[in-house]
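The values are calculated or read from the model by the stated rules, or taken from the named source; none is laboratory data. Owing to the predicted nature of the structure, the values given are computational and were not obtained by experimental measurement. For neighbour counting, all protein chains shown are included, and Cβ atoms are generated from backbone atoms with ideal geometry for every residue, glycine included. Note: areas computed on protein heavy atoms with side chains; ligands, DNA, RNA excluded. Shrake-Rupley method; radii C 1.70, N 1.55, O 1.52, S 1.80 Å.
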Amino acid sequence: MIETLAVHPCFEGLQGFYRHESQTIGLPMRFAVYQPPQAARGTVPVFFYLAGLTCTEETFMIKAGAQRLAAEHGAMIVSCDTSPRNTGIPGEADDWEFGSGAGFYLDATQLPWSKHFRMYDYVLNELRAVVLRHFPADAGRIGIFGHSMGGHGALVLALRNPGIYRSVSAFAPICAPSQCAWGLKALPRYLGEDRAAWAAYDATELMRNRGRPAFDDILIDQGLGDKFLAQSQLLPEQFEAACADAGQRLTLRRHAGYDHSYYFIASFVADHIAHHARALA
């Protein structure tokens with residue numbers, strides 16, 4: 001059962017916002033779905049978008065300008081919140097880099113976070129099932145993309161499940177969380193001190209351990225004016241090297257002057273929608 005919070009006509013399709021009681025999270029979760037006009041006539045490919053730190057299910061839908069492009073390509077776009085909310089865990093919202101709005105798309109194993117912070121399982125299984133059950137999405141044509149923390153999540157989910165996600169791309173992803181300050185703050189608190197557990201949620205480590213291609217092409221856009229790139233939070237060069245060693249084709253585009261904002265995402269989102277549409281045609 002899902003609750004409809006709002007639906008808006010948009011480029012001859014429908015932009016909807018929804019809430020449901022998540023069995024995986026154990027709390028209500030919100031998500032958003034853009035249905036292109038083609039969805040009125042049958043199933044369409046679906047692209048799952050994962051947002052970054054501090055964002056919600058609304059951020060991409062409001063800021064990226066992707067609905068016009070999705071309507072042109074006949075693609076559905078789904079976004080979800082970036083963490084459980086109002087869990088009752090003391091201090092859950094005290095730090096923008098951890099807790100509320102910062103679920104890192106992993107399944108926490110450490111108390112108190114392990115009770116509700118199960119975003120990997122939620123995106124992979126429950127949210128996908130809810131979308132396929134309630135919307136005209138084609139289960140055989142699913143792609144995933146994201147930004148920053150969500151780019152990390154998209155790469156991890158895709159690399160671990162290439163049979164489910166047939167295409168993947170990212171904007172300024174956290175490519176090696178085991179090696180950056182964001183990851184070193186979040187991973188031990190969510191997963192404990194065992195670095196082997198961290199590797200399961202590190203795109204660079206996953207690619208290195210895989211040692212062979214998973215996709216025809218992975219698309220990443222990175223702004224060279226991104227302050228988090230300068231702070232060594234993103235480390236795209238680490239993922240680039242791992243892809244080269246594995247023989248995985250990677251289109252990593254570096255853009256002078258562009259930062260980490262949704263102005264950057266809006267500038268290149270057309271290429272990402274087209275990337276997924278080609279792969280899922």
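Over the residues of the range 171-249, compute the C-alpha Rg and express it relative to 2.2 N^0.38 Å.
The value comes to 1.11.
Bridgeable lysines around Lys227 (alpha carbons under 28 Å apart, same-chain partners fewer than 8 residues away excluded): Lys63, Lys185. Sequence-distant contacts, meaning Cα pairs under 8 Å at least 6 residues apart, place the relative contact order of the chain at 17 percent. For the range 1-45, which GluC sites (Glu not before Pro) pass both filters: DSSP loop (anything but H, G, I, E, B) and at most 12 other C-beta atoms within 10 Å? Answer by residue number: Glu12.
Between Asp81 and Arg30, Glu57, the built amide H atoms are under 5 Å apart, and every one of these is 5 or more places off in sequence or on another chain. Residue ranges 83-91, 171-179 sort as 171-179, 83-91 when ordered by packing (mean number of other C-beta atoms within 10 Å per residue, highest first). Within the range 75-159, the percentage of alpha carbon pairs spaced more than 15 angstrom apart rounds to 59%. When every Cα-Cα distance of the chain is counted in 5 angstrom steps from zero, the calculated P(r) takes the values 1, 6, 14, 18, 20, 18, 13, 7, 2, 0, 0 percent. Here the range 1-93 is treated as a Stokes sphere of Kirkwood radius computed over C-alpha pairs; at 20 °C and 1.002 mPa s its diffusion coefficient rounds to 153 µm²/s.
Split the accessible area of the chain by element, probe 1.4 Å, and carbon with sulfur accounts for 49%. Per residue, the solvent-accessible area of the range 127-281 (1.4 Å probe, heavy atoms of protein chains only, all protein chains present) comes to 37 Å².
Pop the C-beta distance of Ser267 and Asn161 into the FRET formula with R0 = 30 Å and round what comes out to the nearest 0.05. It comes out at approximately 0.55.
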